[in-house]
């Protein structure tokens with residue numbers, strides 16, 4: 001399988017978020033390696049503007065591509081006739097993350113997701129979240145004692161709790177909620193902090209910047225979830241659940257936050273950075289995607305349509321059974 005022209009797809013690129021940043025990072029890395037890259041989305045905006053202006057990458061213009069790397073089942077179905085598609089699944093709850101029968105292959109970014117979609121009948125390979133470790137790096141050293149905390153929480157409740165704790169222990173507090181006050185160069189804000197509170201890709205980006213991390217948030221779809229202060233012994237366990245707080249499943253109180261902040265050790269920053277370089281480096285991630293793409297079998301249209309038909313029929317059957 002010869003790969004030259006690649007399309008990267010994400011359901012929406014209006015805002016700044018995990019899958020949007022992931023999309024930008026994939027495109028940037030592939031272009032740096034000399035591939036011809038274009039992008040697709042149903043909704044343009046902040047991130048698509050950055051892709052076009054910063055990376056000089058255009059919106060989809062070709063009838064067919066050698067490889068399509070797509071997030072979200074909506075993109076997979078829409079683009080299914082334009083080339084072989086690998087769908088990357090980033091979560092277990094959002095509807096957009098469900099695996100599509102129109103994909104030729106699947107990537108799970110955590111062991112938890114891999115197990116989740118396997119139970120739905122889809123095999124996948126594990127490729128961890130890719131981070132641009134040059135962009136997200138150590139620009140400023142952290143303090144020997146905790147002085148500055150940055151929350152990347154998406155929850156008003158969680159941010160209020162974190163801010164209250166910071167005031168109580170005499171630590172400076174800043175917050176960045178992508179839904180309320182998004183910024184593009186989040187790495188600059190991370191580098192102003194000694195410790196970062198967040199989940200998922202936010203945690204990975206903080207690690208790449210050499211910041212100790214507390215895994216915690218209180219999102220609507222996930223309630224209060226926390227793994228606490230991440231040590232070198234816990235990293236692989238937390239990453240297996242995409243740093244979602246679902247390894248320990250703690251429901252954090254203010255007392256728990258205080259204890260997590262008291263665990264702060266500046267030496268952990270270097271450990272986080274080294275782990276990110278080893279496991280999240282986008283240059284390694286890209287090679288894993290391309291190697292996996294070479295293993296995809298040539299599409300069998302009749303077999304593929306049969307599978308899709310059976311899948312859709314089963315869904316209709318289940319829906320009617322629930323309604324009866």
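Quick notes on this one:
- Which labelled figure in (1) 53, 43, 41; (2) 61, 39, 35; (3) 65, 54, 34 is Cα extents along the principal axes in Å, once derived from the coordinates: (3)
- Once the gyration tensor of the Cα atoms in region 14-68 is diagonalised, the equivalent ellipsoid follows with semi-axes of 17, 13, 10 Å, ordered largest first.
- Between residue 1 and residue 296, residue separation times 0.36 nm minus the direct Cα-Cα distance comes to 105.3 nm.
- Computed from Cα positions, the angle between helix 18-32 and the longest principal axis of the chain comes to roughly 70 degrees.
- With a Förster radius of 45 Å applied to the beta-carbon distance between residue 125 and residue 183, the computed FRET efficiency rounds to 0.85.
- Folded to 0 to 90 degrees: helix 156-169 orientation relative to the chain principal axis, Cα: 30 degrees
- Among 70, 103, 267: highest mean-square fluctuation, GNM of the chain, C-alpha pairs under 10 Å: 267
- Tensor-based shape of region 178-226 (alpha-carbon gyration tensor, a/c under 1.5 rounded, otherwise prolate or oblate): oblate
- Region 101-215: radius of gyration over Cα atoms, expressed as a fraction of 2.2 N^0.38 Å: 1.27
- Reciprocal of mean inverse Cα separation for region 4-119 (Kirkwood radius, Å): 14.1 Å
- Region 148-279 shape via C-alpha gyration tensor axes, a/c threshold 1.5: rounded
- Simple spin-label estimate for residue 54 and residue 253 gives 4.2 nm between the two label positions (7 Å along the Cα-to-Cβ direction from each Cα).
- Applying 1/(1 + (r/R0)^6) with r as the Cβ-Cβ distance of residue 62 and residue 277 and R0 = 41 angstrom yields a FRET efficiency of 0.75.
- The C-alpha atoms of the chain define a longest principal axis, and helix 267-279 lies at about 10 degrees to it.
- Overall form of region 246-290 per C-alpha gyration tensor (a/c, 1.5; a/b vs b/c): oblate
Every read-out reported here was derived from the displayed coordinates using simple, explicitly stated rules and does not represent laboratory data. What you see is a predicted model; the values in this text were computed from it and never measured. Cβ: placed from backbone, ideal geometry, glycine included. Neighbour counts: every protein chain shown.
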